[in-house]
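The structure under discussion appears below in the form of structure tokens.
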Amino acid sequence: MADPIYITYHDEEWGRPLRGDDEVFERVALEAFQSGLSWLTILRKRENFRAAFDRFSIPKVAAYTEQDVERLLGDTGIVRNRAKILAAIQNARAALDLPEGLSELVWRHADPDSPMPRTMADVPAITPGSKALAKELKRHGFAFVGPTTAYALMQAIGLVNDHIEGCVARTR
């Protein structure tokens, strides 16, 4: 049986359109932290991440210093990976430099006409759109945003709808 926190996330949040620079930044950061781990691990620590990273306020995270890095590395409530922590800070700084904002940049890659997957086997890990999004984010100085992570972001915030055929959340 799936964990209730995961079921709630799937049914009420995953795949729903999400906009806003800080909101999208949170998802970029959490998808990077998830790399190599279970998404459930990240969901269970999400409130700790929000507290540790100032609710993912881009200007606040962009101003983090080495002292903040050390604070985060000592925080047992989050994933304590130096490379991922540094990437989150780097990505906040890169997001500050985007003239149109992070949300607008990411949403340019929406694919509302993506084919409906019939089974989980039909859900891709990488698409041409995720490759393009990853490339554009990297061009702007983002880190830990490869095509697989970019696709997970696209799924999470509703740029594509990968709820499988027959899923109760597909049409909501």
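The values are calculated or read from the model by the stated rules, or taken from the named source; none is laboratory data. Everything numeric in this text was worked out from a predicted model, so none of it was measured. Heads up, the Cβs are rebuilt from the backbone with ideal geometry, glycines too, and the neighbour counts pull from every protein chain shown.
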Take the range 69-82 and flag every residue that is over 16 Å from the mean Cα position of the chain (by Cα) and either over 15 Å from LYS45 (Cα atoms) or part of a loop (DSSP other than H, G, I, E, B) (or both). VAL69, GLU70, ARG71, GLY74, ASP75, THR76, GLY77, ARG80, ASN81, ARG82
Given (1) closer than 14 Å to LEU86 by Cα; (2) touching a helix residue (DSSP H, G or I) at 6+ places or on another chain (Cβ under 9 Å), where does ARG44 come up short, assuming only one miss? (1)
All-but-one check, GLY129 against (1) part of a helix (DSSP H, G or I); (2) modelled with pLDDT of 95 or more; (3) more than 14 Å from the chain's Cα centre (by Cα); (4) not polar (S, T, N, Q), failing number (2)
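Sort out which residues of the range 48-63 are under 12 Å from LEU96 (Cβ atoms) and either part of a loop (DSSP other than H, G, I, E, B) or of a type in the set (Gly, Ala, Ser) (or both), and write them in order of number. Please lay out each step first, then the result.
At the first step, the residues of the range 48-63 found to be under 12 Å from LEU96 (Cβ atoms) are 57-63.
SER57, ALA62, ALA63, listed by residue number.
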Of (1) surrounded by 14 or more Cβ atoms within 10 Å (Cβ to Cβ); (2) over 17 Å from LEU153 (Cβ atoms); (3) under 15 Å from the mean Cα position of the chain (by Cα), ARG27 satisfies all except one. Which? (2)
Just wondering, is there one or more residues in the range 99-121 that are among the acidic types (Asp, Glu), assigned to a loop (DSSP other than H, G, I, E, B) and touching a Leu at 6+ places or on another chain (Cβ under 8 Å)? yes
